[in-house]
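Enquirer: Starting off with a structure, shown below.
The values are calculated or read from the model by the stated rules, or taken from the named source; none is laboratory data. Computed from a prediction, not measured in an experiment: that's the story for all the values here. Ideal geometry is used to build each Cβ from the backbone, glycine not excepted, and the neighbour counts take in all protein chains shown.
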Amino acid sequence: MTDFKSLVSSIQETNVTLQQSASKAINRYLTIRNWLIGFHIVEFEQNGEDRAEYGQRLIEELAKALDTAGLSVRSLKLFRQFYFTYPQTGQTLSAQFKSMRSIRLNDLPAKLDKVNAVNEQGARFSVDAQILLSKLSFSHLALPLPLKEPEKRSFYERQCVMGNWSVSELKRQINTLYYERSGMSLDPDELGRGVEENAQRPGIADIIKSPFTFEFLGLKAKDAVYENELAQMRS
């Protein structure tokens, strides 16, 4: 028979496990959505029947027409950059969308196969797309986007995946030039051990704090639970 202590342990384990699964699912679909939006924008820029009518105003006109939280001019530009930076994501999505029944997605596998062939060379530095989608949130992936060197982005991707860094930890390491420090260090392994010992790990609450997630789920800013409120909830 199960005693009370075992009951508590079972419920706690169930709660944490499914919270983590829900968090990963939301993060994954948020990342996929943002990549696909970038894909659709670029495809229109290249092949849209009336693309000449919009020209440089495309993003602004698109944001105005969508009129949706999380799809602002700034966000759409970010998603477009995300698509260009991580073209290899299409390799993972091709098979996934073949099983979906949405009319709008029916022709995506063929289009993505063409994207994969064109962009295979440019993705050679990056971590495997399946690993990125399963291990990192879009908030993680958005941070290295401004980095021009593919090798540098790949370095932070790998370190973040291996070290299970939080978003704030990744931001801190980029801001403190960990890539450059590692290249200059006489003992990069020792430097790496020091970084990992002090690295901040992500928690369940991190998904709540992400503005990308709130907008994706259609939540208003006033619905947000901020870090100080989470601390009060735990006390």
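Enquirer: Collect the residues in region 126-148 that are more than 15 Å from L170 (Cβ to Cβ) and surrounded by 18 or more Cβ atoms within 10 Å (Cβ to Cβ), keeping them in residue-number order.
Expert: Once the filter is applied, which keeps residues that are more than 15 Å from L170 (Cβ to Cβ) and surrounded by 18 or more Cβ atoms within 10 Å (Cβ to Cβ), region 126-148 yields S126, A129, L133.
Enquirer: Scan region 186-201 and give yes if some residue there is modelled with pLDDT of 90 or more and of a type in the set (D, E), otherwise no.
Expert: Checked region 186-201: no residue is modelled with pLDDT of 90 or more and of a type in the set (D, E).
Enquirer: May I ask you to list the residues in region 45-71 that are closer than 27 Å to P211 by Cα and in a helix (DSSP H, G or I)?
Expert: R57, L58, I59, E60, E61, L62, A63, K64, A65, L66
Enquirer: Just checking, how many residues over region 151-177 are out of contact with any helix residue (DSSP H, G or I) (no Cβ under 6 Å at 6 or more places or on another chain), surrounded by fewer than 19 Cβ atoms within 10 Å (Cβ to Cβ) and not aliphatic (A, V, I, L, M)?
Expert: Number of matching residues: 9.
Enquirer: Go through region 1-37 and report how many residues are within 21 Å of I131 (Cα to Cα) and among the charged types (D, E, K, R).
Expert: 3
Enquirer: Could you tell me how many of the residues in region 72-87 are assigned to a loop (DSSP other than H, G, I, E, B) and either over 18 Å from the mean Cα position of the chain (by Cα) or surrounded by 18 or more Cβ atoms within 10 Å (Cβ to Cβ) (or both)?
Expert: Residues in region 72-87 being assigned to a loop (DSSP other than H, G, I, E, B) and either over 18 Å from the mean Cα position of the chain (by Cα) or surrounded by 18 or more Cβ atoms within 10 Å (Cβ to Cβ) (or both): 2 in total.
Enquirer: Which pairs do you get when a residue that is under 11 Å from Y179 (Cβ atoms) and in contact (Cβ under 8 Å) with a residue 60 or more places away in the chain, found in region 136-161, comes within reach of a residue that is part of a loop (DSSP other than H, G, I, E, B) and of a type outside the set (G, A, S), reach meaning Cβ atoms under 6 angstrom, with the pair 6+ apart or on two chains?
Expert: Close Cβ pairs (under 6 Å, with a partner that is part of a loop (DSSP other than H, G, I, E, B) and of a type outside the set (G, A, S)) amount to R153/P144; R153/L147.
Enquirer: Tell me which residues, restricted to region 14-35, are closer than 22 Å to L71 by Cβ and not β-branched (V, I, T).
Expert: A25, N27, R28, Y29, L30, R33, N34, W35
Enquirer: While we're here: With the structure loaded, tell me whether L186 is in a helix (DSSP H, G or I), free of Cβ contacts under 8 Å to residues at least 24 places away in the same chain and not charged (D, E, K, R) or whether it fails that test.
Expert: Considered against the rule, which asks whether it is in a helix (DSSP H, G or I), free of Cβ contacts under 8 Å to residues at least 24 places away in the same chain and not charged (D, E, K, R), L186 comes out as no.
Enquirer: Sort through R80, R101 and tell me the only one that's at negative phi and at pLDDT below 60.
Expert: That would be R101, the only listed residue that is at negative phi and at pLDDT below 60.
Enquirer: Would you check if G90 is modelled with pLDDT under 90 and either more than 15 Å from the chain's Cα centre (by Cα) or not in a helix (DSSP H, G or I) (or both)?
Expert: In short, no.
Enquirer: Also, I was wondering about something else. Does E157 satisfy the criteria of being at pLDDT 90 or above and not aliphatic (A, V, I, L, M)?
Expert: yes
Enquirer: Right, something else. Of all residues in region 2-40, which are modelled with pLDDT under 90, of a type in the set (A, V, I, L, M, F, W, C) and surrounded by 13 or more Cβ atoms within 10 Å (Cβ to Cβ)?
Expert: I26 - this is the single residue of region 2-40 that is modelled with pLDDT under 90, of a type in the set (A, V, I, L, M, F, W, C) and surrounded by 13 or more Cβ atoms within 10 Å (Cβ to Cβ).
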